[in-house]
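Engineer: This is the structure I want to talk about, given as structure tokens.
The values are calculated or read from the model by the stated rules, or taken from the named source; none is laboratory data. These numbers come from a predicted model, not from an experiment. With ideal geometry, Cβ positions are generated from the backbone for all residues, glycine too; neighbour counts draw on all protein chains shown. Areas reflect the complete protein model, heavy atoms only, side chains present, ligands, DNA and RNA absent. Shrake-Rupley method; radii C 1.70, N 1.55, O 1.52, S 1.80 Å.
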Amino acid sequence: MSLDKDQVQHIATLARLNLTDDEYAESVEKLSKIVDFVDQLSQADTEGVTPMAHPLDAVQRLRPDVVTETDERDRYQANAASVTDGLYLVPKVIE
Amino acid sequence: MALYEKTAGELVAGFEAGDFTSVEVTAALLDRIAASDDRLNALVTVTADQAMAAAEKADAARAAGGGGPLNGVPLIHKDIFCTRGVRTSCGSKMLDNFISPYDATVVERLANAGAVMLGKANMDEFAMGSSNETSYYGPVRNPWDLERSPGGSSGGSAASVAARLAPAATATDTGGSIRQPAALTNTVGLKPTYGRVSRYGMIAFASSLDQAGTITRTAEDAARLLAVMAGFDERDSTSIDEPVPDYVAELGASVKGLKIGVVRQHFDEGLDADCGARVRDAIDVLESLGATTVEVDLPNLDLVVHAELPSNHETLLHRSGRTGRAGKRGRSVLFAPANRRRSVERLLSDAGVGRQILSVNYLAAAAGNQFQKFNK
């Protein structure tokens, strides 16, 4: 299965990317290759293959529900462009 | 031998014997960085004052009869590891002004062992690259040939160690980011088993594949660093709670009886002939030392996607010299456990095959194979 330019244009719009015609041509080709490869994967014969989630059979570890974080607010806020009274100030994006 | 040329093992022995101090070694390496890194661009941050203070502390600890296993040994951290109070950029403009509020577990453990951080290594942006040409801070040069790439994404770590800016550097590997730059810079790269080293404070690329490791000039140094870095960490939920072998004590053990898997498909079309020949040479040497090899069949290898497919594979191969001089130096991987590396390395050296045959390039070669098929 191959993608066409309209589909890539739609993806680019969703991703807010501005592509030139050359970049469209390249993207159509590259993304099509990926889709083709997924097609190849879906045709693989997995009959009788036991799924392996982890080579060491590890499972998700749980921990006691206790507070382990220390208060580092000042350090975190030092990375922000603008703060006041412990709040992060950002440019207004919603009218 | 100049101080900057010494390996971590030689530094530990020299400190112990009182031949020199960490302050002297750290100053020598900082001088070398200042004199040569404008050509290599291997470091994005040099923490000179902090390093000298840490070296003084290490010397004082030694004088008081204390200090950890890497006490006073300078090293460089890949800029993917969070370092408290020091910029952690991950090679990106987005994090250019990010001062980490905490240390990664790897950074913390190495510091607790007495290691001295000289600075932070350049890398492909967010580790997404295999040539070190995608960093916001500009490309890293290969010290063996400034026109070539040192590989990536841990290219700054590899170039630093190859250029003797530090005896060792931390690095990370998702789909070759330690092994491939090690292969291209004549250094020893080790990607430990997933879960062996904590990923806490290591900026994620692909969380189920990322693993922290080392770039050094000897297998012995890889063992020394891994011994400190490895082990369970409750702050990383995928960290494996298994005992850590004494890698350093097991250096020099025989490979007799070791069973080594050789994947047949990795020698199919697409493998550089020189690289393939060097791997075969190494297999012969291992067999002559008493290891047995077993051919392993992975019929579905065509369906495997390499995790770090570079966007421009041909440029990478060309610049990295896989088809040129670096290729002829031929780094190869053997499936020998880290704790046997020293003996294998020594014997390979005796056999004239070259010490760095143990740099892990096997996946790089195999990945090259996959890239070519993928790009056809």
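Engineer: Counting only other chains, and only Cβ atoms inside 10 Å, what mean value do you get across the residues of B:26-36?
Structural biologist: Per-residue shielding by partner chains comes out at 0.
Engineer: With +1 on the Cβ of every Lys and Arg and -1 on the Cβ of every Asp and Glu, and nothing else charged, how large is the dipole of chain A about its Cα centre, in debye rounded to the nearest 20?
Structural biologist: Roughly 380 debye for chain A.
Engineer: Report ³J(HN,Hα) in whole Hz for each residue of region B:105-111, in order, from the Karplus equation J = 6.51 cos²θ - 1.76 cosθ + 1.60 where θ = phi - 60°; Gly and Pro get x.
Structural biologist: Using θ = phi - 60°, the values come out as 4, 4, 5, 4, 5, 5, 5 Hz.
Engineer: Next up: Among B:Val140, B:Ser89, B:Asn112, which residue has its Cα positioned farthest towards the positive end of the charge dipole of region B:64-149, with +1 placed on the Cβ of Lys and Arg, -1 on the Cβ of Asp and Glu, and the dipole taken about the Cα centre?
Structural biologist: Going by the Cα projections, it comes out as B:Asn112.
Engineer: Could you list, in their original order, any pairs among B:Lys78/B:Lys259; A:Lys92/B:Lys93; B:Lys57/B:Lys93; A:Lys30/B:Lys191 whose Cα atoms are separated by more than 25 Å?
Structural biologist: B:Lys78/B:Lys259; B:Lys57/B:Lys93; A:Lys30/B:Lys191
Engineer: I'd like the Karplus ³J(HN,Hα) series for region A:71-82: coefficients 6.51, -1.76, 1.60, θ = phi - 60°, whole numbers in Hz, and an x wherever there's a Gly or Pro.
Structural biologist: Once θ is set to phi - 60°, the couplings for region A:71-82 become 6, 10, 3, 4, 5, 5, 5, 5, 7, 7, 5, 8 Hz.
Engineer: Could you list which residues have their amide H under 5 Å from that of B:Val44, counting only those 5 or more apart in sequence or on another chain, with H placed in the peptide plane?
Structural biologist: B:Lys120, B:Ala121, B:Asn122
Engineer: Another one. Which of the residues in region A:66-95 show a loss of at least 40 Å² in accessible area from their chain by itself to the complete set of protein chains, at a probe of 1.4 Å?
Structural biologist: A:Arg75, A:Asn79
Engineer: If you don't mind, there's one more thing I want to ask. At a probe radius of 1.4 Å, figure out the A/B buried accessible area, summed over both chains, and give it in Å² to the nearest 100.
Structural biologist: Interface between A and B: roughly 1500 Å².
Engineer: Can I ask one more? Could you give the dipole magnitude of region B:84-171 about its Cα centre, charging the beta-carbon of Lys and Arg +1 and that of Asp and Glu -1, in debye to the nearest 20?
Structural biologist: With Lys and Arg at +1 and Asp and Glu at -1, about 220 debye.
Engineer: OK, next. Tell me which residues come under 5 Å, amide H to amide H, from B:Asp268 once H is placed; ignore anything under 5 positions away on its chain.
Structural biologist: none
Engineer: Continuing with this model, one more query. Using a Cα-Cα cut-off of under 17 Å, which aspartates and glutamates could be cross-linked to B:Lys6, ignoring same-chain neighbours fewer than 8 residues away?
Structural biologist: Of all the aspartates and glutamates, those that pass the test against B:Lys6 - Cα under 17 Å, at least 8 places apart if same chain - are B:Glu16, B:Asp19, B:Glu24, B:Asp31, B:Glu220, B:Asp221.
Engineer: Which whole-Hz couplings ³J(HN,Hα) result when phi for each residue of region B:16-28 is put into the Karplus expression 6.51 cos²θ - 1.76 cosθ + 1.60, θ = phi - 60°, listed in order with x for Gly and Pro?
Structural biologist: Result, rounded to whole Hz: 4, 7, x, 6, 7, 10, 5, 4, 5, 5, 4, 5, 5.
Engineer: Peptides B:187-197, A:77-87: what's the order by average Cβ count within 10 Å, highest mean first?
Structural biologist: B:187-197, A:77-87
Engineer: For B:Leu75, enumerate residues with amide H under 5 Å from its amide H, sequence gap 5+ or separate chain, H modeled in the peptide plane.
Structural biologist: Close amide H contacts, sequence-distant or interchain: B:Val116, B:Met117, B:Leu118.
Engineer: Mind pulling the per residue volume of the convex hull built on the Cα atoms of region B:166-210? Å³ is fine.
Structural biologist: Residue-normalised Cα hull volume stands at 85 Å³.
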